[in-house]
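Structure, as structure tokens:
Throughout, read-outs are computed from the coordinates displayed, never taken from laboratory work. All of these numbers come straight from a predicted model, not from anything done at the bench. No Cβ is skipped: glycine too gets one built from the backbone with ideal geometry, and neighbour counts run over all protein chains shown.
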Amino acid sequence: MNGGDGEQSYANNSVLQRKVISLTKPLRDEAITGLYRNSLPTSLAIADLGCSCGPNTFLVISETIKVVEKLRQEMNHKSPEYKIFLNDLLGNDFNTIFQSLDTFKKNLRNEMGTEMDHCYIFGAPGSFYDRLFPDKSMHFIHSSYSLQFLSKVPEGVENHKGNIYLSSTSPSYVVKAYNEQYKRDFCHFLKCRAQELVEGGRLLVTLIGRQSEEPWSKDCCAIWELMATDLKDMVSQVKL
Ligand SMILES: C[S@@+](CC[C@H](N)C(=O)[O-])C[C@H]1O[C@@H](n2cnc3c(N)ncnc32)[C@H](O)[C@@H]1O
């Protein structure tokens, strides 16, 4: 994703993803409430996988902390120590995230009207298709709008008639290759997270799906067909 906060940045072009985060708030609240009530942790490790850089990164964390703070006040408990891990690929604009941390913490304190004694925020660069955290170290792992990205282009799809993803002209072997890659990636993702979560920990994942039976349905592939058309146009304009 484009870093920074310019016109073309992800920070200024992620309204759709923000809407998805808002829609899934009730599920997030339920997961974190169940977790807190069941285990009453004094230290809470939370990870957002594929956090990117922009307002959405901070939205997930602040909402999650607010839910816990409300609960712990109702139960008359001390504020837990928060350990927040922000994960994305190595090329993500972590610098901009870190530069915004002071403002984020100040705004959060103002919104909640209370001091959080201990809130530590860490960058966790790397692929979520690998292990990211030590065994049994995470209480809540969250990921929104990121797991539709595969770990790599499947092998054997090189002669794909000018497409860059599945399309209505994709032969069945290409559909199968993407399907197999997705199964491999997702199983591996789950195995890694299973090792990283504490007993009773929660994992909440939101990703793009489709309503149609067709693998190349416009629900998920339209944007990639448009992009393939643009790329072909650009290539045709290159003067050799
Ligand atoms: C569309 S953005 C979503 C960002 C944010 N979660 C949101 O909802 O606005 C997808 C993010 O997933 C990241 N991503 C893709 N594959 C990844 C991987 N294997 N490991 C970690 N992050 C990945 C991308 O770099 C990108 O920042």
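For the chain, build the charge dipole from Cβ charges (+1 Lys, Arg; -1 Asp, Glu) around the Cα centre, then report which of P26, N12, N179 sits farthest towards its positive end.
P26
With a sphere of radius 13 Å drawn around the Cβ of M1, what net charge do the other residues whose Cβ falls strictly inside it have (Lys, Arg +1; Asp, Glu -1)?
-3
Taking only Cα atoms of segment 114-240, what ratio of Rg to Rh do you get with Rh as the Kirkwood inverse-distance radius?
The Rg/Rh ratio comes out at 1.09.
Give the average over all directions of the projected area of the C-alpha convex hull of segment 1-115, one decimal, in nm².
It is 7.4 nm².
What is the Cα radius of gyration of segment 42-180 over 2.2 N^0.38 Å, N being its residue count?
1.36
Determine the calculated [θ] at 222 nm for the chain from helices alone, applying -39500 (n - 2.57) to every DSSP H run no shorter than 4 residues and normalising by the residue count; nearest 500 deg cm²/dmol.
-14500 deg cm²/dmol
What distance in nm separates the simple spin-label points at E158 and V15, each placed 7 Å from Cα in the Cβ direction?
4.3 nm
Rounded to whole Å, give me the distance from the Cα center of segment 193-219 to that of segment 11-25.
Comparing the Cα centres of segment 193-219 and segment 11-25, I get a distance of 17 Å.
Once the Cα atoms of segment 85-143 are picked out, what are the Rg and Dmax in Å?
13.7, 38
Any idea what the dipole of segment 67-109 comes to, in debye rounded to 20, about its Cα centre with Lys/Arg Cβ at +1 and Asp/Glu Cβ at -1?
My answer is approximately 260 debye.
With unit charges on the beta carbon (Lys/Arg positive, Asp/Glu negative), name the residue among F85, F104, M138 whose Cα is farthest towards the positive pole of the charge dipole of the chain.
Value computed over the given set: M138.
Would you report the distance distribution of C-alpha pairs in segment 165-240 as whole percents per 10 angstrom bin, up to the bin with the largest distance?
All Cα pairs considered, the percentages come to 15, 32, 27, 18, 6, 2, 0.
Select from the chain the helices, each a whole stretch of DSSP H, whose alpha-carbon atoms run 18 Å or more along the helix axis and whose Kyte-Doolittle mean is at least 0.0; answer none if there are none.
218-237
In the structure displayed, which of K70/K183; K78/K191; K136/K218; K191/K218; K25/K218; K183/K218 lie more than 29 Å apart, Cα to Cα?
K70/K183; K78/K191; K136/K218; K191/K218
From the residues T206, L147, N159, which one has its Cα farthest along the dipole of segment 111-240 in the positive direction, the dipole being from +1 and -1 charges on Cβ of Lys/Arg and Asp/Glu about the Cα centre?
In segment 111-240, that residue is N159.
Report, as a whole number in µm² per second, the diffusion coefficient that Stokes-Einstein gives for the chain at 37 °C and 0.692 mPa s using the Kirkwood radius over alpha carbon pairs.
Calculated translational D: 166 µm²/s.
Counting other Cβ atoms within 10 Å, which GluC sites (Glu not before Pro) in segment 1-81 have at most 13 and lie in a DSSP loop?
In loop regions of segment 1-81 (DSSP not H, G, I, E or B), the sparsely surrounded GluC sites (Glu not before Pro) are E7.
Ordered by packing density, taken as the mean number of other Cβ atoms within 10 Å over each peptide's residues, highest first, how do 143-149, 125-131 rank?
143-149, 125-131
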